[in-house]
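Participant: Once you've had a glance at the structure underneath, I'll fire off some questions.
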Amino acid sequence: MDVLLLGASGRIGQRTATELTDRGHSVTGVSRGGTGDGVEADEFVAVAGDATNADDITKLATGHDAVVSALGPSDDESPEVLVEMIEAVIDGLSRAAVDRLVWTGGAGGLKVGPDTMLIETEDFPEEWEPVARAAIDAYDILGETDDLRWSYVAPAALIEPGERTGEYRTAEHELVADEEGDSYISMEDFAIALVDELEAENAVHTYLGTGY
């Protein structure tokens, strides 16, 4: 596939670009600075773009088969920029006639019980709440979009650089945790999960949790 990757310069974005190109996909990697740091592949081209600008998204997405987002707010941005991003991407893809989107979401909205989301638990870090709330708001907007084959893929509660094992589990709308209750995934294996979903389309119109 010809894939437009948003947020390609970030830690998850770089790993996703590598996973995509290793599988033979062609990738146009978008970041504000247009840099391709950390990705070494002939099938990768770095370009500059603003993910909050629907016109930019339209121009960049046109001619691509699918869009994968590894977007997130930078340290100097308000978390609410996630809502601006999802609105711009939805609008831009509609105008570009691209109907496949895999979005890197947040774990805060995943269920840990019948009526409880992770963000509502006592142990959820207070400093993570603004980004988690914005990610939930973005999901709510995406969930009302019927003309996109979207998948909202969230990592475990903790995601860090680590080993690429090729192993992970998924659950629809639920936090994935191990027998001890720990919820974790490496960025490398999360990139695998993103690309697996792009290719297989097993979770279209679904909030998918990932983890070990």
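The values are calculated or read from the model by the stated rules, or taken from the named source; none is laboratory data. What you see is a predicted model; the values in this text were computed from it and never measured. Please note: Cβ atoms are built from the backbone with ideal geometry, for glycine as well, and neighbour counts cover all protein chains shown. For the accessible areas, the whole protein counts, side chains as well, though only heavy atoms, and no ligand, DNA or RNA atoms are used. Shrake-Rupley method; radii C 1.70, N 1.55, O 1.52, S 1.80 Å.
Participant: Going by the conditions given, is V81 out of contact with any strand residue (DSSP E or B) (no Cβ under 7 Å at 6 or more places or on another chain), at pLDDT 95 or above and surrounded by fewer than 22 Cβ atoms within 10 Å (Cβ to Cβ)?
Facilitator: Working: out of contact with any strand residue (DSSP E or B) (no Cβ under 7 Å at 6 or more places or on another chain): yes; at pLDDT 95 or above: yes; surrounded by fewer than 22 Cβ atoms within 10 Å (Cβ to Cβ): yes.
Considered against the rule, which asks whether it is out of contact with any strand residue (DSSP E or B) (no Cβ under 7 Å at 6 or more places or on another chain), at pLDDT 95 or above and surrounded by fewer than 22 Cβ atoms within 10 Å (Cβ to Cβ), V81 comes out as yes.
Participant: Within the range 1-64, considering only strands (runs of 3 or more DSSP E) that don't extend past its boundaries, which have at least 1 residues that are of a type in the set (S, T, Y), open to solvent by 20 Å² or more (accessible area, probe 1.4 Å) and in contact with an Asp or Glu (Cβ under 8 Å, 6 or more places away or on another chain)? Steps first, answer last, please.
Facilitator: Working: elements: 2-6, 26-31, 44-48.
So the answer is 26-31.
Each row is one residue, and each column tells you yes or no for (1) farther than 24 Å from D65 by Cα; (2) aromatic (F, W, Y); (3) open to solvent by 60 Å² or more (accessible area, probe 1.4 Å); (4) in contact (Cβ under 8 Å) with a residue 60 or more places away in the chain.
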{"residue": "G162", "(1), (2), (3), (4)": "yes, no, no, no"}
{"residue": "R169", "(1), (2), (3), (4)": "yes, no, yes, no"}
{"residue": "Y184", "(1), (2), (3), (4)": "yes, yes, yes, no"}
{"residue": "E197", "(1), (2), (3), (4)": "no, no, no, yes"}
{"residue": "T206", "(1), (2), (3), (4)": "no, no, no, no"}
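Participant: Is it true that D189 is surrounded by fewer than 23 Cβ atoms within 10 Å (Cβ to Cβ) and without any contact (Cβ under 8 Å) to a residue 60 or more places away in the chain?
Facilitator: Numbers: surrounded by fewer than 23 Cβ atoms within 10 Å (Cβ to Cβ): no; without any contact (Cβ under 8 Å) to a residue 60 or more places away in the chain: yes.
For D189, the condition - surrounded by fewer than 23 Cβ atoms within 10 Å (Cβ to Cβ) and without any contact (Cβ under 8 Å) to a residue 60 or more places away in the chain - is not met.
Participant: Mind telling me which of the residues V153, V112 ends up being over 30 Å from G92 (Cβ atoms), touching a residue at least 40 places away in the same chain (Cβ under 8 Å) and part of a strand (DSSP E or B)? Give the derivation first.
Facilitator: Numbers: V153 fails: over 30 Å from G92 (Cβ atoms).
Being over 30 Å from G92 (Cβ atoms), touching a residue at least 40 places away in the same chain (Cβ under 8 Å) and part of a strand (DSSP E or B) holds for just one of V153, V112, which is V112.
Participant: In addition: Would the range 65-72 turn up any residue that is within 19 Å of F190 (Cα to Cα), among the β-branched types (V, I, T) and not in a loop (DSSP other than H, G, I, E, B)?
Facilitator: Yes: one or more hits.
Participant: Inside the range 115-142, can you point out the residues that are in a helix (DSSP H, G or I) and either touching a Lys or Arg at 6+ places or on another chain (Cβ under 9 Å) or open to solvent by less than 40 Å² (accessible area, probe 1.4 Å) (or both)?
Facilitator: Our first condition is that a residue be in a helix (DSSP H, G or I); within the range 115-142, this holds for 118-120, 126-142.
Once the filter is applied, which keeps residues that are in a helix (DSSP H, G or I) and either touching a Lys or Arg at 6+ places or on another chain (Cβ under 9 Å) or open to solvent by less than 40 Å² (accessible area, probe 1.4 Å) (or both), the range 115-142 yields L118, I119, A132, A134, A135, I136, A138, L142.
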